[in-house]
Amino acid sequence: MRKSAPVLILILVLGLAALALFWLPRDNDYDHSPLGSKGLQLWLEAKGIPVVRSNAHVTKARSQISLRILSLPISKDEVVARKGEVGAPRADEETGEAGLENWSYEAINHELPTLIIMPKWRGSVLKDGIARQSDLVALTDIQEELDKIDPSDFRLDRYGPSFEQAQPHLEPGQPVKIALYEAQTFERESLPSRCHELAGMPSGALIVQCEDNPFVYLLSDPDLLNNHGMALADNASFAVSLVTLLRGASETRPIYLDTSGQSLDSEKPADEGKSYERSASDLKRFFAYPLSLIWGTLLVVATICFWRGAYRFGPPLRETSANIELSKTAAIDATARLLRLSGNDGRMAGQFVLHLLADKAQLLFGSGAGNQAGIARLFQRLARRDKAGAQALHAAAEALIERGHVMTRADLHRHLEIFRKLLGSIELGSR
């Protein structure tokens with residue numbers, strides 16, 4: 001049992017370390033979820049289109065990117081639930097004026113093609129694992145943001161819990177089949193005359209561009225670009241065609257997946273140090289992956305060292321009697337060594353016989369009987385059982401105790417052997 005306990009402890013520690021490393025939530029979990037955008041990034045990079053993601057501590061310049069992709073914010077609660085999504089601003093970012101109006105202004109000012117994606121699903125989809133109609137963002141919430149462009153235009157609509165398919169022609173001669181669940185489109189009747197449709201479905205328009213801001217493109221349904229939607233029909237091919245059309249076929253600069261909504265610089269920022277405000281949330285970065293692997297390894301090593309030290313030296317002694325016995329044994333060993341070194345084996349043999357008889361007396365009469373009176377009482381008890389044997393044992397013991405130091409080596413060994421046999425043949429009895 002003692003050998004199996006450390007193994008069980010080690011297995012438990014390793015299990016806890018694995019739980020901390022692989023099951024605890026990470027900052028990029030949303031990117032790998034059905035509503036995230038990691039699939040879009042990997043797919044575009046596989047097709048030779050470079051992709052960069054936004055960084056809260058680094059500001060991008062217009063000259064560094066060819067296309068900006070971000071998502072329309074709705075409310076602070078939705079922003080927190082959709083943290084990490086393409087274009088989902090940070091929770092501490094303003095989602096009002098720093099939203100669609102600012103992005104439209106930057107698109108015109110920097111002549112930067114910008115694709116703004118309308119929201120569709122709430123964060124509750126990730127908790128339930130099922131997309132229900134109750135998990136859809138209310139159209140009225142989206143409409144409040146769209147009204148900032150034109151209060152009377154851009155009406156969104158949905159057409160029931162079913163899949164809808166279409167074959168939009170973004171490029172001549174290259175039709176692709178797309179499919180959407182609960183398709184969300186712009187009502188064609190609500191589009192102003194200055195705006196036109198780039199791609200759509202039978203139920204409505206998917207991508208809209210207006211003449212007063214030719215650099216802004218509005219995408220009505222995010223399922224065309226998220227991880228879940230790109231796995232349906234030819235949606236992945238459609239995403240590549242859309243990005244190529246908006247950025248330009250000859251463009252080599254990367255597209256910008258903007259998840260912060262920060263303003264862009266008109267020029268490339270100088271390579272110089274910056275000062276940032278720190279908060280308690282920054283401490284979490286010390287425990288984020290892959291640093292969590294280092295902390296987990298240190299925990300396992302510390303646990304193994306602690307276990308090895310405890311197992312090597314064993315538990316502490318709790319009984320004082322054990323310490324007394326160890327001290328007596330050490331004293332006897334030290335005395336025997338000194339007598340042996342001095343060449344006086346006879347005196348050592350006499351002391352051995354005396355201590356042995358004292359121990360036998362204590363065994364029979366208690367701890368206070370380890371003296372001459374106790375030894376005499378021992379021989380009286382033995383004589384009542386076997387008088388001749390008791391007298392012979394007493395004579396042998398007396399000879400060793402009183403004359404052992406003057407005996408020759410042969411006589412000493414002979415008397416010791418007689419004493420041993422007599423002591424072993426006599427029944428001491430119980431107390």
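The values are calculated or read from the model by the stated rules, or taken from the named source; none is laboratory data. In this text, all values refer to a predicted model and were calculated from it rather than measured experimentally. Cβ placement follows ideal geometry from the backbone for every residue including glycine, while neighbour counts extend to all protein chains displayed. For the accessible areas, the whole protein counts, side chains as well, though only heavy atoms, and no ligand, DNA or RNA atoms are used. Shrake-Rupley method; radii C 1.70, N 1.55, O 1.52, S 1.80 Å.
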Notebook entry, point to check: Which residue out of Arg253, Arg247 is open to solvent by 20 Å² or more (accessible area, probe 1.4 Å), modelled with pLDDT of 85 or more, basic (Lys, Arg) and in contact with a Leu (Cβ under 8 Å, 6 or more places away or on another chain)?
Noted result: Arg247
Notebook entry, point to check: What residue, among those in the range 100-124 that are of a type in the set (S, T, N, Q) and at pLDDT below 85, is most open to solvent (accessible area, probe 1.4 Å)?
Noted result: Asn109
Notebook entry, point to check: Yes or no: Gly261 in contact with a strand residue (DSSP E or B) (Cβ under 7 Å, 6 or more places away or on another chain) and part of a loop (DSSP other than H, G, I, E, B)?
Noted result: yes
Next item on the list: Of all residues in the range 212-244, count the ones that are open to solvent by 50 Å² or more (accessible area, probe 1.4 Å), part of a loop (DSSP other than H, G, I, E, B) and over 20 Å from Lys47 (Cβ atoms).
Entry: 1
Notebook entry, point to check: Do we find that Ala231 is small (Gly, Ala, Ser) and under 19 Å from Ser162 (Cβ atoms) in this structure?
Noted result: yes
Checklist line | Every residue from the range 390-417 that is open to solvent by 40 Å² or more (accessible area, probe 1.4 Å), free of Cβ contacts under 8 Å to residues at least 60 places away in the same chain and within 17 Å of Asp345 (Cα to Cα) | finding: Glu398, Ile401, Glu402, Arg403, Thr408, Ala410, Asp411, His413, Arg414, Glu417
Checklist line | Filtered residues of the range 168-190 (kept if of a type in the set (Val, Ile, Thr) and at pLDDT 85 or above) | finding: Ile178, Thr185
Notebook entry, point to check: Any idea which residue in the range 372-385 is farthest from Ile426 (Cα to Cα), counting only those that are open to solvent by less than 70 Å² (accessible area, probe 1.4 Å) and not small (Gly, Ala, Ser)?
Noted result: Ile375
Check: For the range 49-78, which residues satisfy the criterion of being at pLDDT below 70 and touching a Ser or Thr at 6+ places or on another chain (Cβ under 6 Å)?
Finding: Ala56
Next item on the list: Please indicate, with yes or no, whether at least one residue in the range 191-207 is in a loop (DSSP other than H, G, I, E, B), crowded, with 18+ Cβ neighbours inside 10 Å and touching a helix residue (DSSP H, G or I) at 6+ places or on another chain (Cβ under 6 Å).
Entry: no
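Conditions tested, residue by residue: (1) closer than 19 Å to Asp147 by Cβ; (2) hydrophobic (A, V, I, L, M, F, W, C); (3) in contact with a strand residue (DSSP E or B) (Cβ under 8 Å, 6 or more places away or on another chain).
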{"residue": "Arg188", "(1), (2), (3)": "yes, no, yes"}
{"residue": "Pro202", "(1), (2), (3)": "no, no, yes"}
{"residue": "Asn213", "(1), (2), (3)": "yes, no, no"}
{"residue": "Leu218", "(1), (2), (3)": "yes, yes, yes"}
{"residue": "Asn226", "(1), (2), (3)": "no, no, no"}
{"residue": "Leu232", "(1), (2), (3)": "no, yes, yes"}
Checklist line | Residue list for the range 134-167, restricted to those being in contact with an Asp or Glu (Cβ under 8 Å, 6 or more places away or on another chain), open to solvent by less than 60 Å² (accessible area, probe 1.4 Å) and at pLDDT below 75 | finding: Gly160
Item checked: Tabulated pairs, the range 42-61, first under 26 Å from His228 (Cβ atoms) and touching a residue at least 60 places away in the same chain (Cβ under 8 Å), second open to solvent by less than 50 Å² (accessible area, probe 1.4 Å) and aromatic (Phe, Trp, Tyr), C-beta under 9 angstrom, 6+ apart or interchain -> Val51/Tyr256; Val52/Tyr256; Arg53/Tyr256; Ser54/Tyr256
